[in-house]
């Protein structure tokens, strides 16, 4: 299984990064002016509105038979995938490298770069009616959930990319490294059977992992494949739409998620290039060599000579005076020896 070279993807990212987007609070207002940059290369349309009538946009490009649907920010406070998508849009608009020509020849790509603009505006996971869109795949109460399903059924993709952020608590099992990127091939039912669709999904993840291991070895994890009956990925996978979950996580001191943005970009680019160039998606067993996610981190731990007094803290993000601020909150639980602080302060007592 071949991957793009790390020199190639680094050079592309450094030249095509969308520098107007920075940090974790990405709203529709911040991306609205960027669509006009891509009008000559993409078919760009408004496909609907959110519960509070904010636009939900779609970008489409390519002419190939392999159809890929990608969406981000179905959780409004998880914006790393959105930044990476706009980096990718710049590549298709500006780059002349053969790799992008191959993708556009072999694939048709549809992007929804902000599914939950209401949640994005106020930096919440849920939509304006307090609905978690990633748990609304069955009842589809939310307008945004109905819209995503409509696009899914009309476009009929072979592969989907469901882009999320995960918390700083996650590390890579067997290491003391943070899980900067985690992947998942969602289960289709409670037994987690290895179906044909999951095999094909795992195959793409194997290719993405191969590239990332060359760049940040042992910082890549595998998200739990516990079956969630109402979850988007699980239901799309069950319906026959191979769905790749990418969870963008923490890299040391990267609280703005700018380093994880870079590796999210590499993951997406490698994934769609692999789909474009691969004919046989049956090689999957290396998926299970990716270590599990492990909940081992706190943001800060205060250590004392008597470990019974060790205290953990996590940052909580919130909007205050039109700015995203992070405040430390004490965690009301015992800090076990297995836990690690992203930062640790040692006190004598």
message: How tilted is helix 80-94 with respect to the longest principal axis of the chain? Cα atoms for both, answer in degrees (0 to 90, nearest 10).
response: 40 degrees
- prompt: How high is the relative contact order of the chain, given as a whole-number percent (alpha carbon pairs under 8 Å, six or more residues apart)?
  reply: 19 percent
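Please order 123, 298 by the number of other Cβ within 10 Å, starting at the fewest.
123, 298
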- prompt: What residues from the stretch 24-43 fall in the zone where the backbone N is under 17 Å from a label point 7 Å along the Cα-to-C-beta line of residue 63?
  reply: 40-43
task: State the antiparallel share, in %, of DSSP beta bridges confined to the chain, rounding to the nearest 5.
output: 55 percent
field: Where labels lie 7 Å past Cα in the beta-carbon direction, separation of residue 334 and residue 346 in nm
entry: 2.4 nm
- prompt: With the Cα gyration tensor of the stretch 245-343 giving a ≥ b ≥ c as the square roots of its eigenvalues, does the rule (a/c under 1.5 for rounded; else a/b larger than b/c for prolate; else oblate) give rounded, prolate or oblate?
  reply: oblate
query: Spin-label point model (7 Å from Cα, Cβ direction): what's the residue 138 to residue 309 distance in nm?
result: 5.0 nm
query: Counting other C-beta atoms within 10 Å, which of 25, 71 has the fewest, and how do the rest follow?
result: 25, 71
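So what's the back-of-envelope 222 nm ellipticity for the chain, counting only DSSP H runs of four-plus at -39500 (n - 2.57) apiece and dividing by all residues, rounded to 500?
The per-residue figure over the chain is -9500 deg cm²/dmol.
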- request: Enter the angle in degrees (range 0 to 90, nearest 10) between the Cα long axis of helix 196-215 and the first principal axis of the Cα atoms of the chain, meaning the one along which they spread out most.
  value: 60 degrees
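Using the beta-carbon distance between residue 279 and residue 253 and R0 = 56 Å, what value does 1/(1 + (r/R0)^6) give for FRET efficiency, to the nearest 0.05?
Approximately 0.85, to the nearest 0.05.
Given R₀ = 41 Å, what would the calculated FRET efficiency be for residue 10 paired with residue 154, taking r from the Cβ atoms and rounding to 0.05?
Given R0 = 41 Å and the Cβ-Cβ separation, E is 0.65.
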task: Within 10 Å of each residue's Cβ, count the other Cβ atoms and sort 38, 75 from fewest upward.
output: 38, 75
message: Just to be sure I understand: with springs between alpha-carbon atoms less than 10 Å apart, which residue in 77, 129, 98 has the highest mean-square fluctuation in the Gaussian network model of the chain?
response: 98
message: Apply the a/c threshold of 1.5 to the C-alpha gyration tensor of the stretch 137-191 and tell me whether it is rounded, prolate or oblate.
response: prolate
task: Please give the length that would be gained between residue 214 and residue 194 if that part of the chain were fully extended, namely 0.36 nm times their separation in residues minus their C-alpha to C-alpha distance (nm, one decimal).
output: 4.5 nm
query: Name the residues of the stretch 138-177 whose amide N is less than 11 Å from a point 7 angstrom out from the Cα of residue 230 along the C-beta direction?
result: 138-142
statement: Checked the stretch 62-128 against the a/c 1.5 cut and the a/b vs b/c comparison, axes a ≥ b ≥ c from its Cα gyration tensor; verdict prolate
query: Nearest 0.05, what FRET efficiency do residue 176 and residue 40 give at R0 = 51 Å with Cβ-Cβ as r?
result: 0.60
- prompt: To the nearest Å, what is the center-to-center distance of the stretch 26-98 and the stretch 109-137, using C-alpha atoms only?
  reply: 15 Å
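Read-outs: derived from the displayed coordinates by stated rules, not from any lab. Keep in mind it's a predicted model, so treat the numbers as computed, not measured. Neighbour counts are summed over all protein chains in view; Cβ atoms, including those assigned to glycine, are modelled from backbone coordinates with ideal geometry.
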